[in-house]
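What follows is a short report on a single structure.
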Amino acid sequence: MENSTNTLETLLERTVDYGQSSFELVKLKVLDKTSDEVSSFMSRSIIIVIIMTFMLFLNLGAALWVGTLLGEMFYGFFVVAGFYAFVAFVSHFFFRKWLKRIFYDFIIRMFLKKENY
């Protein structure tokens, strides 16, 4: 009887250890994925801010340059704004579904790649 009690206690201790180890493993996997995603987001955010700053100054320079060519500064800003309105119109009516498919496929590939390790 004592042998079966010791075996049961040993089995119970191993089960508890396994549960704790499994919980720790899940915590570490969550920490790994979270830190990977947050670090990727932060690095991409910094790059996006730099690119947006570059684009802002490029557009301001282009607007001022076109404005000096046309004789009035505000004409240059109208031309640059008209260019972006045209790009937005074309993108909305001709490239929206194509861009949606590209982003959709990218997100699916990103999640499948993350699940494989």
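Numerical summary
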{"read-out": "Shape parameters for the chain, alpha-carbon atoms, Rg then Dmax in Å", "value": "28.9, 103"}
{"read-out": "Assigned charges on the beta-carbon of Lys, Arg, Asp, Glu; the chain dipole about Cα centre (debye)", "value": "800"}
{"read-out": "Inter-probe distance in nm under a simple model that places probes 7 Å from Cα toward Cβ, at residue 95 and residue 24", "value": "5.2"}
{"read-out": "Sequence-separation-based contact order of the chain, relative, with Cα cut under 8 Å and 6+ spacing, percent", "value": "10"}
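Only the coordinates and a few stated rules stand behind these numbers; no lab work does. Note that the coordinates shown come from a computational prediction; the quantities given were computed from them, not determined experimentally. Note that each Cβ is placed from the backbone with ideal geometry, even for glycine, and that neighbours are counted across all protein chains shown.
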